Amino acid sequence: MTKKHSLKTRLSHLGRHGTHIHGLVNPPVHRGSTVLYKTMADRDAHKGRWTEQVLTYGLDGNATHHALENMVAAIEGGHHCQIVPTGLAAITVPLMAYLKHGDHILFPDSFYGAGRGFADRRLPQMGVEFTYYPPEIPASELEALIQPNTRVLYLESPGSYSFEMQDIAALCALAKRRGLVTMLDNTWGIAAFQPFEHGIDVSIQALTKYVVGHSDVLLGGIVTADMAHHKIVRRCALDLGMYASPDDCWLALRGGRTMMVRLDRQLESALEVTSYLATRPEVAEVRYPPLPGSVGHELWKRDFNGGASLFGVVFDPKYSREQVYAMVDNLALFGIGASWGGYESLALPAGDNIGRHFGSTYKPGEVVRFHIGLEDTADLIADLTASMETHLR
């Protein structure tokens, strides 16, 4: 199996090494803290090789971690992946790795809420300055925000909750010209957007979402463009004691085998549901880049070959928050939950979660973020229709 094979094919084989233990299809789970060597010479030969996939101590990772890292790096098209225990850790570790006292970083105003909290609360303690910028700003205008001490340009496309698209290639070209490191939260775009083909240095994934796929594991991945960036990220992850359970990594490996099938189905279902919602009189706006007419659709069509099943809906401002909450409360097939990427559909009122320096880019009205799972779309649409017609009157 080589890169000439499609990603769908490779996901069935990555991390299995072409061998089967006792004839079993899936590799075993490797657990352990202490690693033994036959001689001191053998142990000394491995000391300091923390950038490679070798067994030295449990914190360094083992065959189970390495198999998942190889899979995620292949999905993202990057050089190597560092597994960390959560999606938030996948954001904070590279920030800690590249930023020091006196540095400055640019964040999009659509920055994921938990990451934004880290920036607002922790970066000032480190003596790091930051500036939020409008996520849809063109590169020509963003350049004016670059300061002499700016070190990193952070990107997220589409943006959390509000789904603005960014011109990643143009922004990366600017960053390269000005000597900035580029980081992208590519969780929504997993397998649909190839970050390193557009100039990204560090790609961030909440593997909790589509790789795991079953809403039962927290995990993150940091993929880098080359070995130089990998060394920086991995050194910081080890210095911070970042470690993910081998059992969780094994579950993520299993989820990765079926990820493309789920992504294809959930994208198709989300397009069907959003197309329907866009026709409803109760709805003022649907934010879903794959949907024609949605904010960011042209950039999505240019740069992506697929997408996630997460989107935002703005309801007509004549409906109160209480009415929208009642509509969400009475959905039979949509759970109320903060995550996404699993097999179950979710609905989460998002008005209180859209913290913006420049203000929301949504139209006026209560916002609900939806995730479409693997249920039959006819059932989901019927559920939405019944609850809207009952509670939005």
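Each reported figure results from applying straightforward, stated rules to the coordinates on display, with no laboratory input. Every value quoted in this text rests on a predicted model; they were computed, and no experiment measured them. When we count neighbours, we look across all protein chains shown, and the Cβ atoms used for this are built from the backbone with ideal geometry, even at glycine.
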Report the relative contact order of the chain, percent, no decimals, based on alpha-carbon pairs under 8 angstrom and at least 6 residues apart.
-> 17
Shape parameters for the chain, alpha-carbon atoms, Rg then Dmax in Å = 21.7, 77
Identify, among Pro27, Thr131, Tyr37, the residue whose Cα sits farthest towards the positive end of the charge dipole of region 7-257, taking +1 on the Cβ of Lys and Arg and -1 on the Cβ of Asp and Glu, with the dipole about the Cα centre.
-> Tyr37
Separation of alpha-carbon centers, region 97-123 and region 354-385, rounded to whole Å = 27
Count the DSSP beta bridges whose two residues both fall in the chain, then state the antiparallel fraction as a percent rounded to the nearest 5.
-> 55
Can you list the aspartates and glutamates whose alpha carbon sits under 12 Å from that of Lys363, skipping same-chain ones fewer than 8 residues off?
-> Glu285, Asp316
Separation of the Tyr343 and Leu145 label points, Cα + 7 Å toward Cβ, nm | 4.1
Show the residues, 5+ positions off or on another chain, whose built amide H is closer than 5 Å to the amide H of Leu374.
-> Glu344, Ser345
Share (percent) of C-alpha pair distances in region 259-391 greater than 27 Å works out to 14
Ranked by GNM mean-square fluctuation in the chain (Cα springs under 10 Å), the top entry among Glu129, Glu366, Glu141 is Glu141
Checked against a 27 Å limit on the C-alpha separation, the offending pairs among Lys176/Lys209; Lys47/Lys231; Lys8/Lys231 are Lys176/Lys209; Lys8/Lys231
Residue by residue through region 325-340, which ³J(HN,Hα) values in whole Hz follow from phi under the Karplus form 6.51 cos²θ - 1.76 cosθ + 1.60 (θ = phi - 60°), with glycine and proline marked x?
-> 4, 4, 4, 5, 4, 9, 6, 7, 10, 10, x, 9, x, 8, 8, 5
Would you kindly state how much longer the chain becomes between Leu59 and Lys363 on full extension, computed as 0.36 nm times their sequence separation minus their alpha carbon distance, in nm to one decimal?
-> 104.7 nm
With 0.36 nm assigned to each residue of separation and the Cα-Cα distance removed, Lys318 to Ala332 gains 2.6 nm
Whole-Hz ³J(HN,Hα) from phi, Karplus 6.51 cos²θ - 1.76 cosθ + 1.60, for region 241-248, glycine and proline x | x, 6, 8, 10, 4, x, 5, 5
Degrees, to the nearest 10: 113-126 long Cα axis against longest axis of the chain = 50
Euclidean distance between Cα centres, region 328-349 to region 182-257, Å | 24
